[in-house]
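Take a look at the structure below.
Read-outs throughout are calculated quantities, based only on the coordinates presented, and are distinct from any laboratory measurement. As the structure is a computational prediction, the values presented were derived from the model and not from experiment. Virtual Cβ from ideal backbone geometry, glycine too; neighbours counted across all protein chains shown.
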Amino acid sequence: MKHYLYLLCALAVMSCETVSDIEIGVTSNKLDLRGELNSDSVIQVALLSTRITTDNLIDPYRLKSEAEVSLFRDGEFVETLVRKARTYEGEFETYYLSSSGLKPETGSMYSVEISASGFESIRAETVVPAQVNVTDIEFLRQQTPITNGYYGHPVTIWFEDDPDVENFFIVETYLKSIYEERRDNGDGNIEIYQEINDYKTEIAPRTYYGKGIGDDNPFEFEIYFSDAQLDGGSVKRFDFFIRTYEDGLDPFLGKDEISDDSYTYTTKMYVRLKHITKEHFEYKRTALAQMNKIEDPFAEPVLIRSNVEGGFGIFSVYTSADSKEISD
């Protein structure tokens, strides 16, 4: 699937004191910080060993050296993060976790200073953005042909926003399925077995409608956007499609299936809006642009934006609005 990024602001490179370009050309291995933090979760970051290849592409490897990761809040030392290991999506990785269970606080500035044997030390900082509030959602059970066999249901969300500051967001939708089965345990009592799963669903910005974009699939699991050109003052609106097919999305929205009174299967759709930092937005924008470059050998090299001094990657925190159920 080709990767797309929806930008409502100008695509010119933005200037920011904490964001820099990752250099073009072959480099030695540097520390690569993967720290896309959630304000609702305990602080943790992952580290890789990464170099730039002759094709100007990022080439990451598992970091074998043990690192020292110091965490600061508003310029004051807080703690040294503890090294952990796990298997994520089939890959072994090491990460560094707050042993005190610290979670990022809105409005605070967090920074990390990291050193590891054989590598240049790195540093990064970020300020936690304000919480965002979704005020309303409109869903139309109206299947709309977008382009070349792709269909979508229109969705509009309204959210509170500071009109005097440019803000950056991610919107995503997911399907929550709840399976409940009534089981006779043999002594006349009924036990309830429950299984709950979440699945991200594909979405596309409304601007793709009628654009004639050829055979490209306009859908992704996340849309990144800026509020710079959205209508409204302190309340903004954003329009997008949830992907569906010729037979519609109806079976996935609030339907119950009951068989012989033994089980219930319920599905509901939710939307989630995340408030992200400018450096997070720039990192994702340029990283996805580089991924698209792989498919075009004649494209100009893409500079990946990073707020990590001395290395690669991203250190940022996002806040999320409470998930809202989509219904009609």
Report summary line: Stretched fully, the stretch from Thr264 through Ser117 gains (0.36 nm per residue minus C-alpha distance, one decimal, in nm) 47.4 nm
Report task. For Glu202, list long-range residues whose amide hydrogen, built 1.01 Å from N in the peptide plane, is under 5 Å from its own amide hydrogen. Result -> Arg243
Requested in this report: Could you please report the charge total around Ser41, scoring K, R as +1 and D, E as -1 over all other residues with beta-carbon less than 15 angstrom from its beta-carbon?
Outcome: +3
Report summary line: Applying the gyration tensor rule to the Cα atoms of the stretch 76-159 (axes a ≥ b ≥ c; rounded if a/c under 1.5, else prolate if a/b exceeds b/c, else oblate), the class is prolate
Requested in this report: Please find the FRET efficiency linking Gln229 to Arg182, where r is the Cβ-Cβ separation and R0 is fixed at 56 Å, and quote it to the nearest 0.05.
Outcome: 0.60
Query raised in the report: How high is the FRET efficiency between Asn133 and Phe72 when r is their beta carbon distance and R₀ equals 35 Å, given to the nearest 0.05?
Result: 0.75
Query - Shape call, the stretch 107-210: gyration tensor on alpha carbons, a/c limit 1.5 - result: oblate
Report summary line: In whole Hz, the Karplus estimates of ³J(HN,Hα) for the stretch 220-235 (6.51, -1.76, 1.60; θ = phi - 60°; x where Gly or Pro) are 9, 8, 9, 10, 9, 8, 10, 8, 4, 10, 7, 6, x, x, 7, 10
